[in-house]
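Single-structure report; data block below.
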Amino acid sequence: MNAFAISGLFVGIPSVVVGIFTLLKGRNKIHLIWTAFSFSIAIWGFGIYKIATTLDKNNAIFWWRIAEIGVIFIPIFLVHFVISFLELKRKVFLTLFYILTAIFLYLNISTDYFINELYFAFNQFYYILATPIYTAFICVFIASVIYILFELGKAYKKNTGIIRNQIKYLILAFLIGFSGGLTSYPPVYRINIYPVWNAAIFISALMVAYAILRYRLMDIRIVVRKFVIYLSMAGFTYGMFYLLIWVFSKLFGSIYTPATYLSGVIIAPLFVAIFYWLNKRIQVFANKYLFYSLYNYQETITKLTDELNYYIDLDKIVNSIVNTIKQTMQLDRAGVLLINQNKTPIHYQIAKVVGFNEYNGISLVQDNFLTRHLQRTQKPLVRDELILLVKDTKNLEEKESFKQLHKNMIQIEASICIPLVSSSRLIGIIVLGSKVSQDAYTKEDLELLSTLSKQAAIAVDNAVLYKQIQDLNKNLQAKVDEQTKEIRNAYEIEKKARQELERLDKAKNQFIL
């Protein structure tokens, strides 16, 4: 196997993996387009492998046509992906590009205008020679690369936070991938540059996967973890299957004997028990070592939700919430604002803040827009995703409110607001800053924090009620003490009056005598 064939596998296999991951999570247009793009690269990569491993000219031209199907689809799917990701309005441009892609595809499959002549390159495999149509396609390909980098570069300057990081990794990935992939074109003009550098697309695929995992590009982190677990269990199952076939063949001469069937009946329950045990161990391993930071604070915050059930003191509950989240997730600031239920209109009071300026914390909720939004959605609000809400909102007043809220969150350096909702009623807000590592909040982070906020809201609400009851009891006791004191004073006055009457009565009697 030559280096060109190996590079084809390095291109094809990662592209299939990323494509499958994305397809499993494919709930919107971006996922589907990226899946199509990944599979296009995979077709190209596996086509390269077949081209590099055949010495038959007819087979080579067949596999070149197959490989070029993937190549023809790569620029259009990539352009479509970037336009959709950046939410650009390029409907006419995309339509014309798809028509041009269909023309190139027809010329490749049904005519000799796209691929015509082959030559034996590097004494290893057959390579195509460029036709005028193929040269035109190369120009279109290069133009599409320049276009997407231009659009991504503009968007990078405009955006911040998660979206900015997503764009950064996409730009780097595409630069590396296309720098390597374009080395496939010099040999079509008999320029002897060995086309092995297209293996750089392997690095490109890994970088996009990194952006997906770290910056929620397409929210498939959970799928990655499940894939590791399922792949491991599939490997164990197939390994045991072929091991048993080998053992039975050695011991009994065949797998179709009475002794084999009897052994199978005995082994089957044992296999199920081992499978169940191993599955649990692999899940623990994947969570603890492959996703260590996630596992670490998942475990800690889960313990916190259990602890909240035992606290009745409001200050202890709030301190536990703020300190645990801040320390476990390594945040630069965190705080809890609670609604004072005894005041109207809605009035917040600071329960605890660490890292935030107290006045800034209250300024976040002064106009009550954030309160109304969290009461309606009852979901965490991420600052970096407010930009998307601004774009999606048709109501001009609401659009301006989202813009102002985004500006306020930047000003006080708040990254996320999590509602505390008890009995469908907003009772407060958890406000969190950025992670010290500058990592973005992942989908699992948000799900974990949502679960925590529900437990915390119940604990806070119960603690507030308990405090109110305590205050009521104190007030009642104070009133009882006050009434008792008044009764005692009245009794003393009445006693003195009676004593005075007795004294006067006695003096009167003595006077008469």
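Of all the numbered requirements in (1) assigned to a helix (DSSP H, G or I); (2) open to solvent by 80 Å² or more (accessible area, probe 1.4 Å); (3) at pLDDT below 80, Gln438 misses one, and that requirement is (1).
Within the range 232-258, residues that are closer than 13 Å to Phe275 by Cβ sit with their Cβ atoms under 7 Å from residues that are at pLDDT 75 or above and assigned to a helix (DSSP H, G or I), at 6+ positions apart or across chains, in these pairs: Met233/Asn279; Phe236/Leu278; Met240/Phe271. For Phe141, the requirement of being open to solvent by less than 30 Å² (accessible area, probe 1.4 Å), in a helix (DSSP H, G or I) and either more than 29 Å from Ala5 (Cβ to Cβ) or at pLDDT 95 or above (or both) is not met. Selection of first residues in the range 74-88 that are under 13 Å from Lys29 (Cα atoms) and of second residues that are open to solvent by 20 Å² or more (accessible area, probe 1.4 Å) and of a type in the set (D, E, K, R), restricted to Cβ pairs under 6 Å at least 6 apart or on distinct chains, gives the following pairs, ordered by first then second residue: Ile83/Arg90; Ser84/Lys29. Write out, first by first residue and then by second, each pair whose Cβ atoms fall under 9 Å of each other, whose residues are 6+ apart or on separate chains, and whose first residue, in the range 104-128, is without any contact (Cβ under 8 Å) to a residue 24 or more places away in the chain while the second is open to solvent by 70 Å² or more (accessible area, probe 1.4 Å) and among the basic types (Lys, Arg). Close Cβ pairs (under 9 Å, with a partner that is open to solvent by 70 Å² or more (accessible area, probe 1.4 Å) and among the basic types (Lys, Arg)) amount to Phe120/Lys57.
Test of understanding: among Thr371, Thr451, which residue is farther than 24 Å from Leu304 by Cβ and assigned to a helix (DSSP H, G or I)? Walk me through how you get there before you give the answer.
Details: Thr451 fails: farther than 24 Å from Leu304 by Cβ.
Exactly one of Thr371, Thr451 is farther than 24 Å from Leu304 by Cβ and assigned to a helix (DSSP H, G or I), namely Thr371.
Can you find a residue in the range 262-271 that is closer than 30 Å to Met329 by Cβ and modelled with pLDDT of 75 or more? No; the residues of the range 262-271 include none that is closer than 30 Å to Met329 by Cβ and modelled with pLDDT of 75 or more.
Residue by residue, here is whether (1) closer than 14 Å to Gly70 by Cα; (2) among the small types (Gly, Ala, Ser); (3) crowded, with 19+ Cβ neighbours inside 10 Å holds:
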site: Leu94; (1), (2), (3): no, no, no
site: Leu105; (1), (2), (3): yes, no, no
site: Leu118; (1), (2), (3): no, no, no
site: Phe122; (1), (2), (3): no, no, no
site: Tyr126; (1), (2), (3): no, no, yes
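Can you confirm whether the range 70-89 contains a residue that is under 30 Å from Met1 (Cα atoms), part of a loop (DSSP other than H, G, I, E, B) and aliphatic (A, V, I, L, M)? No, the range 70-89 has no match at all. Within the range 281-298, is there a residue that is within 31 Å of the chain's Cα centre (by Cα) and at pLDDT 70 or above? Within the range 281-298 (the criterion being within 31 Å of the chain's Cα centre (by Cα) and at pLDDT 70 or above), the answer is yes, since at least one residue qualifies.
Condition check ((1) out of contact with any Asp or Glu (no Cβ under 8 Å at 6 or more places or on another chain); (2) modelled with pLDDT under 75; (3) in a helix (DSSP H, G or I)) across all residues:
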{"position": "Leu182", "(1), (2), (3)": "yes, no, yes"}
{"position": "Asn192", "(1), (2), (3)": "yes, no, no"}
{"position": "Ile201", "(1), (2), (3)": "yes, no, yes"}
{"position": "Ala211", "(1), (2), (3)": "yes, yes, yes"}
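Comparison of Ser453, Ser423 shows that the only residue that is at pLDDT 70 or above, out of contact with any helix residue (DSSP H, G or I) (no Cβ under 7 Å at 6 or more places or on another chain), polar (S, T, N, Q) and surrounded by 10 or more Cβ atoms within 10 Å (Cβ to Cβ) is Ser453.
Scanning the range 139-191 for residues that are among the aromatic types (Phe, Trp, Tyr) and closer than 29 Å to Lys407 by Cα yields Phe150, Tyr156, Tyr169. Does the range 87-94 contain any residue that is on the phi > 0 side of the Ramachandran plot and modelled with pLDDT under 95? Yes, the range 87-94 contains at least one residue that is on the phi > 0 side of the Ramachandran plot and modelled with pLDDT under 95.
The values are calculated or read from the model by the stated rules, or taken from the named source; none is laboratory data. Predicted, not measured: the structure shown is a model, and the values here were computed from it. In this analysis, Cβ positions are derived from the backbone assuming ideal geometry, glycine residues included, and neighbour counts consider all displayed protein chains. Note: areas computed on protein heavy atoms with side chains; ligands, DNA, RNA excluded. Shrake-Rupley method; radii C 1.70, N 1.55, O 1.52, S 1.80 Å.
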